[in-house]
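Encoded as structure tokens, the structure appears first; notes follow it.
FYI, it's all coordinate maths here, none of it is from the lab. As the structure is a computational prediction, the values presented were derived from the model and not from experiment. So basically every Cβ, Gly included, is an ideal-geometry build from the backbone, and we count neighbours across all protein chains shown.
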Amino acid sequence: KQEVTQIPAALSVPEGENLVLNCSFTDSAIYNLQWFRQDPGKGLTSLLLIQSSQREQTSGRLNASLDKSSGRSTLYIAASQPGDSATYLCAVRPVDSGGYQKVTFGTGTKLQVIP
Amino acid sequence: DTGVSQDPRHKITKRGQNVTFRCDPISEHNRLYWYRQTLGQGPEFLTYFQNEAQLEKSRLLSDRFSAERPKGSFSTLEIQRTEQGDSAMYLCASSLYLTSGGNEQFFGPGTRLTVL
């Protein structure tokens, strides 16, 4: 059974700092990995999707990396801003083997960027 | 706004009542998904459709839950005889599934259900 862990559960940083969020998964046979942000009481906003054949994806100040062999992905946020404050979730989709229900989300890292 | 929309955004009901939620996906997306999220947890998959066909259902989807996507566009999720344990955020997502890969999901704002 795939298990997805995000550490730390919460993080508080001063504005302008670069930071790294971690996502670990136990089964390396993945199809893709997606990072989302979720604002309080709201739905999820997709940030980056990394296919299993890729090592990283970049969008603006965000960079996500994927290392399947070690079962890890990181989300790097450069020059953090108060507007980055949210919960960040990673989601792992396994290699298609008969069931979409195996997509597994982590419990998230709650980020607070202090002005 | 051409994103995923959900209605209602909030629903408060009494235990034992039936509730129905609606999701309108991004128009060209062929896949539609329902998730449930409780406080402090990541979303848990409930079911998904490809066009009008319901292809997967999670074990979380008890007999009291039913989902439809009759014309391959909008979808409804109905919960019968609601229980307090059904209180959660119900999220809908859609994607354009291509055999070549991708399948990025786009989420709606969610419907927060409170069962009293």
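Rounded, prolate or oblate: which one fits chain B, using the alpha carbon gyration tensor with axes a ≥ b ≥ c (rounded when a/c is under 1.5, else prolate when a/b beats b/c, else oblate)?
Working: a/c = 1.81, a/b = 1.71, b/c = 1.06.
Prolate shape, in that a/c is at least 1.5 and a/b is the bigger ratio.
With springs only between Cα atoms under 10 Å, which of B:LEU77, B:LEU55, B:LEU39 fluctuates most in a Gaussian network model of chain B?
Among B:LEU77, B:LEU55, B:LEU39, the largest GNM mean-square fluctuation belongs to B:LEU39.
Work out from phi, with θ = phi - 60° and the Karplus expression 6.51 cos²θ - 1.76 cosθ + 1.60, the ³J(HN,Hα) of each residue of the range B:53-59, listed in order in whole Hz, and give x for Gly and Pro.
Computed from phi, the couplings for the range B:53-59 are 8, 7, 8, 9, 9, 6, 5 Hz.
Using only Cα atoms, locate the centre of the range A:62-93 and the centre of the range B:61-116, then give the distance between them in Å, rounded to an integer.
Between the Cα centre of the range A:62-93 and that of the range B:61-116, the gap is 26 Å.
Can you tell me what percent of all Cα-Cα pairs in the protein assembly as shown are more than 29 Å apart?
Working: 7285 of 26565 pairs.
Tail fraction, whole percent: 27.
If you build a Gaussian network model of chain A, linking Cα atoms that sit under 10 Å apart, which residue out of A:ARG61, A:ARG72, A:ARG37 swings the most?
A:ARG61
Pick from B:ILE79, B:ILE26, B:ILE12 the residue whose mean-square fluctuation is largest in a GNM of chain B, springs joining Cα atoms under 10 Å.
Judging by the Gaussian network model, the answer is B:ILE12.
Would you mind counting up the charge near B:ARG81? Only other residues with Cβ under 9 Å from its Cβ, with Lys and Arg at +1 and Asp and Glu at -1.
In short, +1.
With the alpha-carbon atoms as the only input, what is the per residue convex hull volume for chain A in Å³?
Output value, Cα hull per residue: 94 Å³.
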